[in-house]
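Heads up, the thing below is written out as C-alpha cells.
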Amino acid sequence: MGPGKSSNKLMLEVSKLNISLSTHHGGFRNRDQYCLPGPIFGPYSFVNISCGKEEMDDDNRHNWKNMVEVAVVVRVVQNLYKAWKGFRKQLSIAVASPYTAQVDEIKDKLGEKYKNLDKFIVKVLTFDELQGKEEDIIILSTVRSNCDGSLGLLSNNQRVNNVALTTARQCLWILGNERTLSKNDSVWKSIICDAKNRNCFFNIEEDKEMSDFVNEIKKELDQLDEVFDANSPLFKNARWKVLFSDNFRKSFGKIKSLQMKKLVMNLLLRLANGWRPKQRNVGIICDKSKLALKQFKVKDLYVICSVDIDHEEFRYIQVLKFWDLLPLVDIPKLVKRLDSMFLTYTDKFLNHCKEKCIEGGLEIPMSWETSHHIVRHKKSSCIQEGNNERRFLQDSKVGDSLLLTKFYSISSGMMGHLLSSCNGRKLELPFELTWQEMEIINFGKSSFILGRSGTGKTTVLIRKLVQIEQLYHVASEGFHEFKGCRSSKFEIAEDGERVEESEETFLHQIFVTLNPRLCCAVKQHVSGLTRFARGEKSAEDSNSILLDDMDDLLNFEEIPDSFVGLPPNLYPLVITFHKFLIMLDGTLGNSFFNRFPEAKEDSHESTKSIALRTFIRMKEVNFDKFNISYWPRFKKELTNGLDPSTVFTEITSYIKGGLRAWKVPDGKLSCKDYISLSSSRVSTLSEPERQQIYEIFMQYEKKKKMNVEYDLADLVTDLL
C-alpha cells in the first residue's frame, strides 16, 4: 500500500467492490456465475502481459493502443460467451481502457457478434465512460508497455477515480505490464503490490491456453523484440536455447507477407525443438574454419544458423544462433564473413560446436560441466566477450570497403579554398595531384582515363565533376552566388493571364561505377560537397561514411527507375552501372521487365517500383547465384576442367555480351561463331573447351527460362 491517501484511493475502492476476494479462484460464489478454467481469471486478478507492445495511433500522437492486450480481451470475452451458453442467465461485461484508440480496436475486433444477444451484454468504454457503472465482470486494459515507465493518461488521477467509482459484481480483471506500471510511485504500483499480497497477481504465461494464444498473436503482430529474445515465451520450453543476430531481426522485419512470417516462425520453432531434415543436405562447410553452417529454405529465402556454445552458471551448453534470413545470392558473402570470425575461435571450441546428440530422432543440445573449461577465442585474437560477434561482423565489412579510405574529411577552410579558387581557367586544389591528374581535371573535352587500381582515377573524376559543377554555377548565377536550380517561373501579364517564361536549365552530370560500395562512397562525398556549396552543411560533417547504413543507401529507393523528369536536386546523379541500366530501361519504354508478371504486380507507381526491386533481387542471376544454383546442376562431364568464373564471363561477355553478338538479331553468338574465337591470338580457350562452354550455355539458358530468371546480358541485349 502506498503512503498517501490519493494513491490508495483506487485500491481502497477496489476493496469495497462486490468481490469476495477470499473465494476460491477456480469458481464463483454460486453456479449462476460463470467461471473460466484455471486460477488466473478468478474474482479479482491482475494479469501481467509483459510481452505486449504499445503503439502510437496513426491519427493522434497522444493516443495509444496495445494489440496484444486487444487480442487477450477478445479471447477472454469469447471464453466467457462459451461458459455463458451453458447457463443462459443475465451476464453484463464492461471492457474499459483510458485510450480511445484501444477502445476502437477492441470494438473492431469484437464486431457485431455479441450485439443482439438478449442476456449476454458486452460494453466497450473509456475510463471516463465507465464511471458509476455496475457490471457483472469488468476488464481493464491499461495499454502502456514501455521501459521508461511512461503512463500517459494512466497518471491522470481523475480518470483513476472514475474507475474507482465503478462496481464489479462478480469479477474485476486488470490487464497490464507490471514493469511499466510499477516503474513510478503511482496508484498502479500500489494496485500491483496489493494484488501480489492477495495472491491475485498472475503472469499470462501461467495459463497454457492463453500463453499459446498470445504466442500466435505475437507472430502475427510482428513484435520482434520480445519474440526473438532468448527468454521469450515462444522459445521458453524449446529443447534448444536460441539467439538471434541484429541482422536476422532486421531481415525478418523487412518481410511484408504475414504468411511468409508465419512460415519462418514455424521453422524456427521446429528447429528449436530439435527437428532436422533427414533427406536433405542443408550444411555449408566454411572454407577455412571448417565449421558447418545450416541453411533452411523458406520459399525464396534461407534461414542461416549455426551451433554455438553458451556459458551458463554451472555448465556450458550448445545453443542455436540464427545469423540472417537471406536470398540465395547473398549467402556466400555472409559465409565468408562468418568464416573469418570463426577463425578467431579455438579448436576446442569449434570441436564442441561440431558434436551432435540424437535422441528419438531429434537433435538435442549437448552440455558440459564448467570444470570442462571451454575457451572461445584464441589468445592472439584479442576480442572481448559480449557483443564480439556483432562487432566482428561490422568490422569485417571494412574489408569490403578499403577503397573508401581515399575519401578524407575536408575542413571548412580547405573546402572554401577548393570552391572559391575557380577562375574559369584553372582549379587550384589543396591536394598533391600530379601534373597528369591536373591536366585531366582541366581538360575541357571528353576523356578516357586508363589506370590500374589505386592510381587515383576516381579521385580525379570527382574533382573534375566538382569543377564542372562550380564553373556552371559561376557562369549561370554569378561568382560566389548559388541560388539553386529553378525549372521554370511565371509572371502575370497586363491582361491578367499567366505567361510562362522560358524554362531554366540545370546541369545534368551522371557518375556511373560498377562497384556498389565505391558508388556509395562517391555519392556521400559528392553530396557533402554539394551541400557545402549551398551553405546547408559543412563537408566535414557530411563526409563520413556509415557502413551500417550502406546497404540501405545502395538500394537507390529515392531515385526513380527512369531518367525522365528527374528533379534537379538528384544531380549530380551518382549510380551503379546496374541502376543505370534499370533507369535506361525505364526511359526507353516497353520495358524489358514487362515480360515478367512478378515484376509488375501493381499498376500504382510506388508499389510497382517495389515489386520491380524485389523481382530483381530474387530473379537476377549474377556470378554468385550462377555458382551456387546453376553450376552444381550441370553435367560433370561438361564442367570438368572448367572454372565457373571463366564460364560465366564467357557467357555474359562473349556469347551474349560481345560486339559480335550484338550484331546478331537475337543477340547470341551461334556455336560455330563462338568456337571460331579460338583462332584469335589472344584466346586462352581451345575449341573443345569452347564447345563445352557453349553446351553449358544452352543448359543455362534453358534452366534460367524455367526459373523465370534473367541476367544483365539479357537486359543489355534488349536495350540494344
Computed P(r) (all Cα pairs; segment 255-366; 10 Å bins; percent): 12, 43, 35, 9, 0
FRET efficiency for residue 508 and residue 85, using Cβ-Cβ distance with R0 set to 51 Å, rounded to 0.05: 0.10
For segment 580-711: span of alpha carbons on each principal axis (Å, largest first): 51, 32, 20
Förster radius 41 Å - calculated FRET efficiency between residue 155 and residue 336, Cβ distance, rounded to 0.05: 0.20
Charge tally in the Cβ shell below 9 Å around residue 704, where Lys, Arg are +1 and Asp, Glu are -1, residue 704 excluded: -1
Largest-first principal axis extents, alpha carbons of segment 315-356, Å: 37, 19, 15
Note, ³J(HN,Hα) from phi for segment 463-475, Karplus 6.51, -1.76, 1.60, rounded to Hz, x at Gly and Pro: 5, 5, 4, 5, 5, 4, 4, 5, 4, 5, 6, 4, 6
Average Cα contact separation per residue, segment 66-183, under 8 Å, 6 or more apart, as relative contact order %: 30 percent
Pairwise label distance in nanometres, residue 698 with residue 367, each label 7 Å out on the Cα-Cβ vector: 6.1 nm
³J(HN,Hα) computed for each position of segment 709-720 - Karplus, 6.51 cos²θ - 1.76 cosθ + 1.60, integer Hz, glycine/proline x: 10, 8, 10, 4, 5, 4, 5, 5, 4, 5, 5, 6
Length added when fully stretched, residue 588-residue 351, from 0.36 nm per residue minus Cα-Cα: 79.6 nm
Cα-projected label distance for residue 167 with residue 179, points at 7 Å along beta-carbon direction, nm: 3.9 nm
Sparse-neighbourhood loop sites, chymotrypsin sites (Phe, Trp or Tyr not before Pro) in segment 619-681 - DSSP loop, at most 13 other Cβ within 10 angstrom: none
Modelled FRET efficiency - R0 30 Å, residue 664 with residue 446, Cβ distances, 0.05 increments: 0.55
Under-5 Å amide H pairs with residue 241, H placed in peptide plane, nonlocal only: 320
Nonlocal amide H pairs with residue 177, under 5 Å, H built at 1.01 Å: 49
Simple spin-label estimate for residue 374 and residue 212 in nanometres, 7 Å along Cα-Cβ: 3.3 nm
Residue-by-residue Karplus 3J(HN,Hα) for segment 623-638, coefficients 6.51, -1.76, 1.60, Hz, glycine and proline x: 5, 4, 5, 4, 5, 8, 9, 9, 4, x, 9, 7, 4, 5, 5, 7
Net charge of neighbours whose Cβ lies under 12 Å from the Cβ of residue 576, counting Lys and Arg as +1 and Asp and Glu as -1: +3
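Values in this text are rule-based calculations from the coordinates and carry no lab data. For clarity, every value in this text was computed on a predicted model and none was experimentally measured. For neighbour counting, all protein chains shown are included, and Cβ atoms are generated from backbone atoms with ideal geometry for every residue, glycine included.
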